[in-house]
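Down below is the structure, laid out as structure tokens.
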Amino acid sequence: MERGRVAYAVRVTTSEGEQGGGAGADRTPGGDGAARPEERLEQAVRAAEQALIEFEIAVETFRVEVENFSRLHEQKLGPMYARLEELDARILEAKAARSDDPEDRRRADEARARLMPIPGVEELMNGWMDADGLFPEATAMLTDQPVRPPQRVRPSEEARKLYRDLARKAHPDLAQEDKERARREEFITRVNAAYARGNEAELRELAEEWAAGPELKRLPSAGEELYARLEWLSQRKELLTVVARELEESAIGSMLRLAPDDPDRLLEEIAEGLRAQVTAREAELAALLA
């Protein structure tokens, strides 16, 4: 998948499914070479299923890329944004102290309040304490030691290949029975988690597990079930289209589209701009306090 842009897989249409039948499709006894309507419909369902799976893989891959880039963005630029907000609040406070204007004071108080949210108990303790006491990151912060940065995850090409192969084989949409669908959903959840961590070894183990597991044969569907299946696939594709659009139009997704091949360079360019803003704000504050 092209980074920063969700590739819309194959269009889900009945005509495409008919084209996908190819050689080997069952023909009518009359010998005219035309497949029976139910057989053409089943071919369309199979093509639609594969197209939907490819689309879902593309959306999930892009979602992981957006999450990883968001984590990296916060790690590199978060402190600069925080510094700018602090400087803005201090500049407004210095202006209010000089002017003694109630409106200036109100703006300064609002800026300071935005920097000092009141957290709940859960927010205060989340990520700070385990069964044995404080986490290492919390201990480091309290003792002024460097804090370990968040883990940077970027799945390798082999991990992408393993993920796509597993998603095609084990996708829940290929199940015909509720029990088999539940088995596939539980398995795909584990596959998605391993891919989000970029864990290539775990993905290989999952591939071996799936290969050794039960393989259910697909039963021929009745015409009514095939039509219902096509309708469900169409609705699912519309839902995924909305998810894909939201990802692409999000702030992080939009940033990824600006530099799909080198997002690190984009972060460095933004960082340079933020550093210049910090320098300008510090000079402004120094002049006000002089």
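Taking the options Leu230, Leu239, Leu256, Leu247, name whichever one is at pLDDT below 80 and closer than 23 Å to Glu56 by Cα. Step through it out loud before you land on a result.
On the way: Leu239 fails: at pLDDT below 80; Leu256 fails: at pLDDT below 80; Leu247 fails: at pLDDT below 80.
Testing whether each residue is at pLDDT below 80 and closer than 23 Å to Glu56 by Cα leaves just Leu230.
Suppose the filter is assigned to a loop (DSSP other than H, G, I, E, B) and at pLDDT below 90; does Pro146 pass it? Don't jump to the end; show me each part of the working.
On the way: assigned to a loop (DSSP other than H, G, I, E, B): yes; at pLDDT below 90: yes.
Criteria met by Pro146.
Output the residue which, of all residues in region 251-290 that are among the acidic types (Asp, Glu) and not in a helix (DSSP H, G or I), is most open to solvent (accessible area, probe 1.4 Å). Quick ask: steps written out before the conclusion?
Initial filter on region 251-290 (among the acidic types (Asp, Glu)): 261-262, 264, 268-269, 272, 282, 284.
Keeping just the survivors that are not in a helix (DSSP H, G or I) gives 261-262.
On the way: Asp261: 147, Asp262: 66 Å².
Once the filter is applied, the top-ranked residue is Asp261.
Considering only region 171-189, I want to know if a residue exists there that is of a type in the set (A, V, I, L, M), within 19 Å of Ala58 (Cα to Cα) and modelled with pLDDT of 85 or more.
The first filter runs over region 171-189 and keeps only residues of a type in the set (A, V, I, L, M), leaving 174-175, 182, 188.
Then drop every residue that is not within 19 Å of Ala58 (Cα to Cα), which leaves 174, 188.
Right, trim to modelled with pLDDT of 85 or more and you get 188.
Yes, there is a match, as at least one residue in region 171-189 is of a type in the set (A, V, I, L, M), within 19 Å of Ala58 (Cα to Cα) and modelled with pLDDT of 85 or more.
Which residues, counting only those in region 58-87, are more than 30 Å from Ala167 (Cα to Cα), open to solvent by less than 80 Å² (accessible area, probe 1.4 Å) and in contact with an Asp or Glu (Cβ under 9 Å, 6 or more places away or on another chain)?
The answer is Leu87, and nothing else.
The values are calculated or read from the model by the stated rules, or taken from the named source; none is laboratory data. The structure presented is a predicted model; accordingly, all values stated were derived computationally and were not measured. As a convention, Cβ positions derive from the backbone with ideal geometry for all residues, glycine included, and neighbour counts pool all protein chains shown. Note: areas computed on protein heavy atoms with side chains; ligands, DNA, RNA excluded. Shrake-Rupley method; radii C 1.70, N 1.55, O 1.52, S 1.80 Å.
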